[in-house]
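Contents: one structure, followed by commentary.
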Amino acid sequence: NGPADLHTAGASGVLLIVKNYTGDRLNFGLAAEQARNHGVTVDMVIVAEDCAFERPSKAGRRGLCGTIFIHKLAGALAEEGASLDQIVAKVTEVLKGIGTLGVSLSPCSVPGCLPSFDLPPGDMELGLGIHGEPGIKRSKVASADEVVKTMIDHMTNPDSQSHLPLKSGESVVVCVNNLGALSCLELAVVTRAAIICLEKQGLVVARVMSGSFMTSLEMAGVSLTLMQANDETLRLFDAKTGAPAWPNLGCVCASGRSHTKDPSAILQSAQFFSGPLSPVMRSALERVCSTLLEKQEELNALDRAAGDGDCGNTHAQAARAIQDWLQSHVVPGCPGKLLSVLAGLVQEKMGGSSGALYSLFLTAASGHVTEGHGDAAGWARAMHAGTQAMRRCVVVSLTKATLGAESTRDLTARAGRASYIAAERVTLPDPGAVAVAAIFTAVLESLQGMTS
Ligand SMILES: *[C@@H]1O[C@H](CO)[C@@H](O)[C@H](O)[C@H]1NC(C)=O
């Protein structure tokens, strides 16, 4: 219904947030004039946060995904009751600290039209606009880490006139924006790379948002937006909004969270555990690891018959992680503590259903072999508790493995990938059960070797 209605609906003014494209500036400028003629208080801010061009060019700096930060901050200010002038002043100041750069692996095409430009497979283009305008540089596709580093270096390069001057120790808000066709996985990989790269430059990543916020049809690419942040911008950024596409992050600081750390750092706490590992337990553990590595191919072969053929690989992965850990850490002597560290290690490094199952077993068992309870009765209780815990969670009865993995050829898998295979086709022993049997055999042989 015309701008006058907006005015009379209680708005104290209208702010036009315009991306720096000639057509947009003209048309929104015209709209502003018309609104003024209707008696509406109206103002306009131009977003031009593009970091692509090193030297001023005819096109000028474009408005890109940084625009959504301006929408958000202006909205939060309005919600707080700020006047139009105050909002314009504030966002104009914030705009100086925003920069965006995009990279793409493919062109985009308006539906029914040819692609907006040619980009051969295997090439990528840096610094494009959101309407498929060409970028500044072409190169071969590189890893996410390398591409992100190139982008951030370009955006912060003081020799470029459109750079964002970021100093070590400063806080930034980051937006990793899908230009259209990236998968969630790819976007997450880029997001992680961006956080790590920024932290390496001494920046504090105060907030991160990643998703599809300003897309360019089906372009397979991503843009990075950085905004220098202080307490006020963060408060406005964090203010809750009902806008459906806004992620409402609350106060999540990305810097210092575990995704930037080596996962094994979680296990460092083990160093506080008392006493060194006894030679008996160390040799049993080492034997378990070497046995699993020897059996890698055998387990894979058994698994190919019923599962996805990686049972040996996942066990080998766990074995190598345990070997590494034995070499590089103070290993706790208390069996219970050892088992709970192993539980964490296996969950982290082995993954999948097997990792979860072993971890479940070890976690439940660990409580029964605490300081002073590491005797045979304690170990028996621990094994029982471990198997009970697994049984509560899963239905494949692995306890039979201790009796002989051969008997598992008659068991029906009721969980895991193997459960999708018709029972008649399964005539080989279950590879997981063979692995468990091999582990117990290794422990037994190791103990026998010690005592004989
Ligand atoms: C917007 O682009 C024009 C060129 O179209 C350029 O002259 C101008 O400096 C740009 N505005 C900003 C704020 O960078």
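Tabulated values for the structure
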| quantity | calculated |
| --- | --- |
| For the stretch 183-238, with +1 on Lys and Arg beta carbons and -1 on Asp and Glu, the positive-most of S212, L226, F237 along the dipole | L226 |
| For the stretch 6-260, the Rg and Dmax computed from alpha carbons only, in angstrom | 18.4, 56 |
| Inter-site label distance for L114 and V330 at 7 Å from Cα along Cβ, in nm | 7.0 |
| Extension gain (nm, one decimal) between I136 and A305, 0.36 nm per residue minus Cα-Cα | 55.6 nm |
| Computed accessible area, I439, all protein chains, 1.4 angstrom probe, square angstrom | 30 |
| Charge context of K58, other residues only, Cβ under 15 angstrom, K/R +1, D/E -1 | +1 |
| Amide H within-cut-off set for M209, under 5 Å, with H built and near neighbours excluded | V174, C175, V176 |
| With all protein chains modelled, accessible area of L339 [1.4 Å, Å²] | 20 |
| Segment E93-S283, length gained on full extension (0.36 nm per residue, minus Cα span) | 61.9 nm |
| Entries in K295/K349; K58/K200; K137/K167 that, when Cα-Cα distance is taken, lie over 30 Å | K58/K200 |
| Cross-link reach list, aspartates and glutamates versus K337, counting only Cα pairs under 20 Å and skipping chain neighbours closer than eight places | E286, D324, E348, E371, D375 |
| Unit charges on C-beta of K, R, D, E only; dipole of the stretch 168-237, Debye | 100 |
| Area of C184 that stays accessible when all protein chains are in place (1.4 Å probe, Å², to 10) | 120 |
| Residue-span extension gain [T427 to L444] - 0.36 nm each, minus C-alpha spacing | 3.3 nm |
| Probe 1.4 Å, all protein chains present, accessible-area order of M390, M151, largest first | M390, M151 |
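The values are calculated or read from the model by the stated rules, or taken from the named source; none is laboratory data. All values derive from a computational prediction rather than experimental measurement. Counting neighbours? That spans all protein chains shown, and the Cβs are built from the backbone with ideal geometry, glycine included. Ligands, DNA and RNA are excluded from the accessible area calculation, which covers all protein heavy atoms including side chains. Shrake-Rupley method; radii C 1.70, N 1.55, O 1.52, S 1.80 Å.
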